[in-house]
Amino acid sequence: GDESAAYEWIANHNNGETRVEYRRANEGDDWTTDETVASDVESATVDGLLNGEQYESRVVAQTEHAKTEDK
């Protein structure tokens with residue numbers, strides 16, 4: 001819909017968790033975590049976005065010892 005965005009990714013870690021984050025484009029805002037899911041989940045939908053606004057998003061795989069950010 002106009003106020004949501006669906007994301008899919010390939011889960012390549014088998015422990016820890018995955019965060020789906022977003023922020024308004026070109027504003028330099030801090031990242032907002034929309035959802036935190038198990039390491040084997042490979043999709044999420046971000047709701048509550050403003051129609052007509054541009055957003056940046058990323059999926060962050062995080063374990064106890066490290067994290068990776070995929071923009």
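Restricting the search to region 9-44, which residues are over 28 Å from His65 (Cβ atoms), in contact (Cβ under 8 Å) with a residue 24 or more places away in the chain, open to solvent by 60 Å² or more (accessible area, probe 1.4 Å) and not in a strand (DSSP E or B)?
Selection gives Asn26 alone.
Which condition does Lys67 not pass, out of (1) at pLDDT 90 or above; (2) farther than 16 Å from Glu3 by Cα; (3) open to solvent by 80 Å² or more (accessible area, probe 1.4 Å), if it passes all the others?
(1)
Can you pull out the residues in region 12-29 that are under 15 Å from Arg58 (Cα atoms) and touching a strand residue (DSSP E or B) at 6+ places or on another chain (Cβ under 7 Å)?
Matches in region 12-29: Glu17, Thr18, Arg19, Val20, Glu21, Tyr22, Arg23, Arg24, Ala25, Asp29.
Pairs needed: first member in region 45-59, touching a residue at least 40 places away in the same chain (Cβ under 8 Å); second member anywhere, of a type in the set (Asp, Glu); C-beta distance under 6 Å; at least 6 residues apart or different chains.
Taking only residues 6 or more apart or on different chains, the pairs are Val46/Asp34; Leu49/Glu3; Asn51/Asp2; Asn51/Glu3; Val59/Asp70.
With respect to the numbered conditions (1) open to solvent by 60 Å² or more (accessible area, probe 1.4 Å); (2) on the phi < 0 side of the Ramachandran plot, which one is the sole condition not fulfilled by Gly48?
For Gly48, the failing item is (2).
Looking at (1) small (Gly, Ala, Ser); (2) over 13 Å from the mean Cα position of the chain (by Cα); (3) open to solvent by 60 Å² or more (accessible area, probe 1.4 Å); (4) on the phi < 0 side of the Ramachandran plot, which is the only condition Ala6 fails?
(2)
The values are calculated or read from the model by the stated rules, or taken from the named source; none is laboratory data. Predicted, not measured: the structure shown is a model, and the values here were computed from it. Note that each Cβ is placed from the backbone with ideal geometry, even for glycine, and that neighbours are counted across all protein chains shown. Note: areas computed on protein heavy atoms with side chains; ligands, DNA, RNA excluded. Shrake-Rupley method; radii C 1.70, N 1.55, O 1.52, S 1.80 Å.
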